[in-house]
Amino acid sequence: MTISLEEFKDAFERHKQVFLSLERNDQERGRIVFLSVHLETLLGTILLAVAKEKTVMEEVLARSGASFNARIDLCFALGLLDANERRDLTLFRKIRNKLAHSFEVKPNDQQISSWAKELSVQEITDADIKAQPAMAQIKEFFENANTLQRIEICLSALSNKLTVRIDHAQDIGRGISRAKLP
């Protein structure tokens, strides 16, 4: 297949606009994709911590088949994530994939906004608010947050939870059992 000089110039100009764009949306897209790599790495660290054969797990994680989705499912299957964490990580993976695979999609896309509204991180109950009245403000902020704020709040909370979960996984790897996930 050959392409004319005019077609090439036209395609080059369109792609140049995309690559040279410094819009806020592109920075937000990059931040979300970058943070997904962080979460994916944390999941890999958790899996390594529980592995009896570290070298084998390192090989599994290095393969392209050890995707973000596979890491989420492996951690859940091993009891290292609860159902809410799995759901939130899966929603975030969908958001990341939609942003990473299309230049036209913006972080405020309707489907991304819908997924972001499903993110929960943690339900703040009336008992939580009674025990700590400041939790009411946090709950209100989260409920009224825009798409990007909601994604970032959830990413931060998931990152913190997974970091704590590494200690739990290391205990399991050493043969120390815990009755409940932290």
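The values are calculated or read from the model by the stated rules, or taken from the named source; none is laboratory data. These figures come from a predicted structure and were not determined experimentally. Glycine gets a Cβ as well: all are built from the backbone with ideal geometry, and neighbour counts include every protein chain shown.
In the set (1) part of a helix (DSSP H, G or I); (2) surrounded by fewer than 11 Cβ atoms within 10 Å (Cβ to Cβ), E104 fails one condition alone, (1).
Once region 36-87 is narrowed to residues that are among the acidic types (D, E) and either in contact with a helix residue (DSSP H, G or I) (Cβ under 6 Å, 6 or more places away or on another chain) or not in a helix (DSSP H, G or I) (or both), the residue that is surrounded by the fewest Cβ atoms within 10 Å (Cβ to Cβ) is E53.
Could you go through region 89-107 and let me know if any residue there is of a type in the set (D, E) and over 12 Å from the mean Cα position of the chain (by Cα). Yes: one or more hits.
With the structure loaded, tell me whether L99 is buried (at least 18 other Cβ atoms within 10 Å of the Cβ), in contact (Cβ under 8 Å) with a residue 40 or more places away in the chain, outside any helix (DSSP H, G or I) and in contact with a Lys or Arg (Cβ under 7 Å, 6 or more places away or on another chain) or whether it fails that test.
On the way: buried (at least 18 other Cβ atoms within 10 Å of the Cβ): yes; in contact (Cβ under 8 Å) with a residue 40 or more places away in the chain: yes; outside any helix (DSSP H, G or I): no; in contact with a Lys or Arg (Cβ under 7 Å, 6 or more places away or on another chain): yes.
Answer is no for this residue.
Applying a threshold of 7 Å to beta carbon distances and a minimum spacing of six or more residues, or different chains, the list of pairs starting in region 140-162 at a residue that is among the small types (G, A, S) and ending at one that is at pLDDT 85 or above reads S159/H38; S159/L39; S159/L42.
Being without any contact (Cβ under 8 Å) to a residue 40 or more places away in the chain, surrounded by 14 or more Cβ atoms within 10 Å (Cβ to Cβ) and more than 13 Å from the chain's Cα centre (by Cα) is a property that does not hold for A131. When residues in region 129-145 are screened for being in a helix (DSSP H, G or I) and closer than 22 Å to K117 by Cα, 11 of them pass. When E85 is tested against (1) within 11 Å of the chain's Cα centre (by Cα); (2) farther than 21 Å from S156 by Cα, only condition (2) is not met.
Taking the condition at pLDDT below 85, within 17 Å of C154 (Cα to Cα) and out of contact with any helix residue (DSSP H, G or I) (no Cβ under 6 Å at 6 or more places or on another chain), does G30 pass? Here the answer is yes, as G30 does meet what is asked. Of the residues that make up region 10-24, is at least one of a type outside the set (G, A, S), at pLDDT below 90 and either outside any helix (DSSP H, G or I) or crowded, with 19+ Cβ neighbours inside 10 Å (or both)? For region 10-24, residues of a type outside the set (G, A, S), at pLDDT below 90 and either outside any helix (DSSP H, G or I) or crowded, with 19+ Cβ neighbours inside 10 Å (or both): present. Selection of region 68-96 for residues being polar (S, T, N, Q) and at pLDDT 90 or above yields N69, T90.
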